[in-house]
């Protein structure tokens, strides 16, 4: 009896100090990670300057040429917008030549019944109803669909309406006016309508960013795989050796 009780604690101690082995899958290639962070800071700059463009700050006293505050706000907005546009174009290229995870948000498999079944599970998981999260190498189905709508169509909407508004300043004959202003503004009705929808899109992106950051932090703590660190290193690590989904 004494021998048994002396052996059991030693076995438990050995198990507790055993090295922890984690699976790892290379998911996010360097161009995708770079785009993610450039895109994030571009959107931050665009939202900050866009807010003040829609709700201008009080007039600064003195000669306007000495401060040029609103001019700098617009300049930062335009520079950040072009960085966003170039980044989006390169991101589309990465989706074509990159790995399967690089094009995941562009082609969500909505034609598969399993996709919608797992999406429902993710909704229940985020709602604190499902007790166990699933395990994915890439994005889970809910994240895939939401980022498809927001990062693909949402940003594309902001690019098109933004270039249409910018084309009013560059004038007739510019490529911005000919390719965007000439048809986008009549489609919406008038210039102010485009301004309103573009500004509304900004608030949608802000709400999405808040939810996106919350979900990333929550999943990094509660899910079965790494989240935030993966967007720095590119590697997805897992906390258990259980079965996975999404081709893992």
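The values are calculated or read from the model by the stated rules, or taken from the named source; none is laboratory data. Everything numeric here is computed off the predicted structure, so don't read it as measured data. Glycine also receives a Cβ, built like all others from the backbone with ideal geometry; neighbour counts cover every protein chain displayed.
Hey, any hits in the range 7-16 for a residue that's in contact with a helix residue (DSSP H, G or I) (Cβ under 7 Å, 6 or more places away or on another chain) and either modelled with pLDDT under 55 or within 30 Å of residue 87 (Cβ to Cβ) (or both)?
no
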Quiz item: Would you pick out the residues in the range 137-196 that are within 23 Å of residue 87 (Cβ to Cβ) and surrounded by fewer than 18 Cβ atoms within 10 Å (Cβ to Cβ)?
Solution: 149, 153, 154, 156, 157, 159, 160, 169, 170, 174, 175, 179
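Does residue 85 qualify as being assigned to a helix (DSSP H, G or I), closer than 26 Å to residue 25 by Cα and in contact with a helix residue (DSSP H, G or I) (Cβ under 8 Å, 6 or more places away or on another chain)? So that I can check it myself, show each step before the final result.
On the way: assigned to a helix (DSSP H, G or I): yes; closer than 26 Å to residue 25 by Cα: no; in contact with a helix residue (DSSP H, G or I) (Cβ under 8 Å, 6 or more places away or on another chain): yes.
Against the criterion (assigned to a helix (DSSP H, G or I), closer than 26 Å to residue 25 by Cα and in contact with a helix residue (DSSP H, G or I) (Cβ under 8 Å, 6 or more places away or on another chain)), residue 85 does not qualify.
Does the range 55-69 contain any residue that is touching a residue at least 12 places away in the same chain (Cβ under 8 Å), under 24 Å from residue 151 (Cα atoms) and assigned to a helix (DSSP H, G or I)? First the steps, then the outcome.
Of all residues in the range 55-69, those touching a residue at least 12 places away in the same chain (Cβ under 8 Å) come to 56-57, 69.
Still in the running and under 24 Å from residue 151 (Cα atoms): none.
No: zero hits.
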Exercise. State which residue pairs qualify: first residue free of Cβ contacts under 8 Å to residues at least 12 places away in the same chain and inside the range 213-227, second residue surrounded by 18 or more Cβ atoms within 10 Å (Cβ to Cβ) and part of a helix (DSSP H, G or I) in any location, beta carbons under 6 Å apart, and separation of 6 or more residues or different chains.
Key: 227/219
Exercise. Give the range 138-156 a look and list any residue that's closer than 11 Å to residue 119 by Cα and in contact with a helix residue (DSSP H, G or I) (Cβ under 6 Å, 6 or more places away or on another chain), or say none.
Key: 140, 141, 142
Practice problem: Could you pull out the residue among 221, 228, 213 that is exposed (fewer than 15 other Cβ atoms within 10 Å of the Cβ), within 21 Å of the chain's Cα centre (by Cα) and not in a helix (DSSP H, G or I)? | Solution: 228
Exercise. Could you check residue 235 against (1) out of contact with any helix residue (DSSP H, G or I) (no Cβ under 9 Å at 6 or more places or on another chain); (2) farther than 19 Å from residue 123 by Cβ; (3) modelled with pLDDT under 90 and say which number it fails?
Key: (3)
Practice problem: Could you tell me whether any residue of the range 70-77 is modelled with pLDDT of 95 or more, under 17 Å from the mean Cα position of the chain (by Cα) and assigned to a helix (DSSP H, G or I)? | Solution: no
Practice problem: Can you give me the number of residues within the range 100-137 that are within 21 Å of residue 240 (Cα to Cα), without any contact (Cβ under 8 Å) to a residue 24 or more places away in the chain, assigned to a loop (DSSP other than H, G, I, E, B) and touching a helix residue (DSSP H, G or I) at 6+ places or on another chain (Cβ under 9 Å)? | Solution: 3
